1. Any residue that is among the acidic types (Asp, Glu), part of a helix (DSSP H, G or I) and open to solvent by less than 10 Å² (accessible area, probe 1.4 Å) - is there at least one of those in the stretch B:362-381?
2. From A:25, A:15, which residue is of a type outside the set (Asp, Glu) and outside any helix (DSSP H, G or I)?
3. From B:89, B:97, B:47, grab the single residue that is over 22 Å from residue B:243 (Cα atoms) and more than 16 Å from the ligand (Cβ to nearest atom).
4. I'm told residue C:130 meets every condition in (1) without any contact (Cβ under 8 Å) to a residue 60 or more places away in the chain; (2) buried (at least 18 other Cβ atoms within 10 Å of the Cβ); (3) within 12 Å of the ligand (Cβ to nearest atom) except one. Can you identify the failing condition by its number?
5. Which helices (runs of 4 or more DSSP H) sit wholly inside the stretch B:68-180 and have at least 2 residues that are among the β-branched types (Val, Ile, Thr)?
6. Of all residues in the stretch B:91-122 being within 11 Å of another protein chain (Cβ to nearest Cβ) and not aliphatic (A, V, I, L, M), which is nearest to residue B:281 (Cα to Cα)?
7. For the stretch C:91-124, how many residues are more than 23 Å from residue B:56 (Cβ to Cβ), out of contact with any Pro (no Cβ under 7 Å at 6 or more places or on another chain) and within 14 Å of the ligand (Cβ to nearest atom)?
8. Identify, by number, the condition in (1) within 20 Å of the chain's Cα centre (by Cα); (2) closer than 30 Å to residue C:108 by Cβ; (3) surrounded by 21 or more Cβ atoms within 10 Å (Cβ to Cβ) that residue B:159 doesn't meet.
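The values are calculated or read from the model by the stated rules, or taken from the named source; none is laboratory data. Only a predicted model underlies this, so the values are computations on that prediction, with no experimental measurement involved. Note that we place each Cβ from the backbone using ideal geometry, even for glycine, and neighbour counts take in every protein chain shown. All accessible areas refer to the heavy atoms of the entire protein, side chains included, with ligands and DNA or RNA removed. Shrake-Rupley method; radii C 1.70, N 1.55, O 1.52, S 1.80 Å.
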Amino acid sequence: MKPSELLNVIEAEFGDFILESSDQGFDPYIVVEPDALRDVSFFLRDDERMKFDFLRTSLGTDKIDFIESLFVLYSYELKHQLIVKVELSHKNPEVDTVSDIWKAANWYERESYDLLGINYKDHPDLRRLMMPHDWVGHPLLKDYKSPKKYHGMDLYRFNPVLKVTKKKAKKKK
Amino acid sequence: MSNITEKEVFFDEMTLNMGPHHPSTHGVLRFVLKTDGEILKTAIPDVGFLHRSIEKIAESLPYPQFFPYTDRVDYLAAMNANHAYAVAVEKLLGIEVPERAEYIRVLVAEMNRIASHMVGVGSLASDLGAFTPFLFNLRDREYLYDYLEEMCGARLTYNYLSIGGVHRDLKQETADKILKFVEQGIKNLDEFNRLIAYNKIFLRRLAGVAVVNKKTCIEYGIVGPNLRAAGLKYDVRKDQPYSIYDKLDFDIPVGEAYAASDGGVIGDAYDRFMVRIKEMEQSYKIIKQVLKEIPEGEIQAKVPRKLKPPVGDIYVPTESARGEMGYYIFSDGTDKPWRLKIRTGSFSAMSAFEEISNGYFIADLVSAIGSFDIVAPEVDR
Amino acid sequence: MSFYHKAESNFLVTTLDEVLNYTRKGSLWYLFFGLACCAIEMMQAGGPRTDLDRFGVVFRATPRQADFIFIAGTPTIKMADRIKRLWDQMPYPKYAISMGSCSNTGGLFQKGYSVLNGIDKILPIDVYVPGCPPRPEALTEAILILREKVQKEKFLRKEESELIEEA
Ligand code: SF4
């Protein structure tokens, strides 16, 4: 199906829950109301015209005003692609899990939880994936500051080259 | 063993730790095994031991400067990772790559795919106790490394591709050497097969083990040779062609129960092994074609000094040695990406382990891990 | 070793230390422990072209049988505790070779939030091999240097407590 038709079908089905949709960029995408994510996902997976059976990837982004979580979907059978985005507030980044709809989402959601602190409700096993379990903070947030020490290990290393270049830069100014 | 009752499990369940330092976990992967005697109930993977914050570093670097890091995402097939990034950024910027550069890119990518599969199949054999075939493959890899080194000056981490082309031209003498090696390489592959592929013990260790069917593959997003071994004929090079792959003639091998005589089924470990071997043959075929058809001309498109792509986001899939590799890039109009995410094949394969590991012997876990050909930094990044 | 060769009675004079060290340096076994990209070059170094076996350098899968360890790759903070534990499990006398700029200083990933910048923060290193990754030839050189170091050691004349302090 062509991107524009695809978006038309989805908009006809869900109307108000689709906050934004476009096929002008590189890939067609829709922005979904967080509460409707599960319904839309079920539709995208199961409907005859959609058949998005392959979750290519999923990621979160810190966009300063809000946190975005997105899912790149592809259909092996119909060979079309769609990106589904949800926008979450910084204070309470919470959205329903889709890990039972596409099993691949399980680890992607864990990763997003780990690195960005997005809380996927009803996820079966929401633990940190990459960082140690006693790590504090979510590193991919833009205002993240890495700690100086961890488990008694000093993480800072003196870099003479960096110091020299910094001095030079200061002199130039 | 799904028919164990709850109570028996309660009495017999045992927890074992495997890794992160274990010779057959291919880098630093850790599994927590829940076993019932010798039979696995589940293997829970624990990853992140090689999480090197590549995605965060990308946010502080201009686009061209990120190339060295892509090498380190998948160090066995660094050229493919380079290629994936280059394709994504070029599409974002709308740059046309000269034809000769495209041919060189495909050439090096396929050479690297062969080198990567050599480690994949070789280390599977060595994990199962046959060390000699691995050494044979290491020998052949040295030649591939030599040619790649002649082209770009490094053995493992190349940083060869640039945005809009490649850094150095392919010399005729190198091309001749590669062509010569291809003949030898096909013979060596035969030798390797004679050594191990039809070995009875090897067959028995792999046939019917760690079967992953098509449905599970799609659900978990397992890609690449692992997906094709399960019988789905999907290859990004054919289905969503990038670069010049649509001009080349090659087949996509799929799993078809190669070890049927020993009780193998479609999608078992032996199929995954065999699909890789067959893919190497195809890659040799591609290299021959590329070297025959490579045109003369420019190797670098005209690219502005400071790259400032338009605002937007993009995802471009490519086929790396371990399956679909794609870079998701958010651009905010400056010369640095706002966010960059790398989609890799090993990550999906690893995420499926918890489910597919149910029911085999502990010793079979080794062949399962080996047959999926997982590299740690692809999982962790 | 100094050889005093007399035609009628074949004998040699040397110190016990030197004989011991001579035998020790001829069979340095390493712990097969790859962390990242450098591990591939380590594997390649054990392969047919730069055969490490000719120095008696053979890989062992367990730390208890190893004489030295290659820190081949990027030590991340999640891994650091485990590396330390592996190191502690190795019997004395033991050596460590830091391979690649990642384990020397953090290398490319120095800016990263999850990387331990330099393995020498948690264990003592005998030989540093620069490069990203170092070539197998560089690795061979590192082993030659380590062999020299082993040969020079006054191993028997140390108290055990001293040894532990040193390590
Ligand atoms: S030094 Fe270079 S090659 Fe070695 S582990 Fe670090 S990044 Fe990889």
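1. Let us first name the residues in the stretch B:362-381 that are among the acidic types (Asp, Glu), namely B:364, B:373, B:378, B:380.
Okay, now just the ones that are also part of a helix (DSSP H, G or I), so B:364, B:378, B:380.
Pick out the ones that are also open to solvent by less than 10 Å² (accessible area, probe 1.4 Å) and you get B:378, B:380.
Checking the stretch B:362-381: at least one residue is among the acidic types (Asp, Glu), part of a helix (DSSP H, G or I) and open to solvent by less than 10 Å² (accessible area, probe 1.4 Å).
2. After ruling out the rest, the residue left standing is A:25.
3. None of the other options fit; the residue is B:47.
4. (2)
5. Numbers: elements: B:78-93, B:99-127, B:132-152.
Ranges flagged: B:78-93, B:99-127.
6. B:116
7. The number of residues fulfilling the criteria is 2.
8. Of everything listed in (1) within 20 Å of the chain's Cα centre (by Cα); (2) closer than 30 Å to residue C:108 by Cβ; (3) surrounded by 21 or more Cβ atoms within 10 Å (Cβ to Cβ), residue B:159 misses just condition (3).
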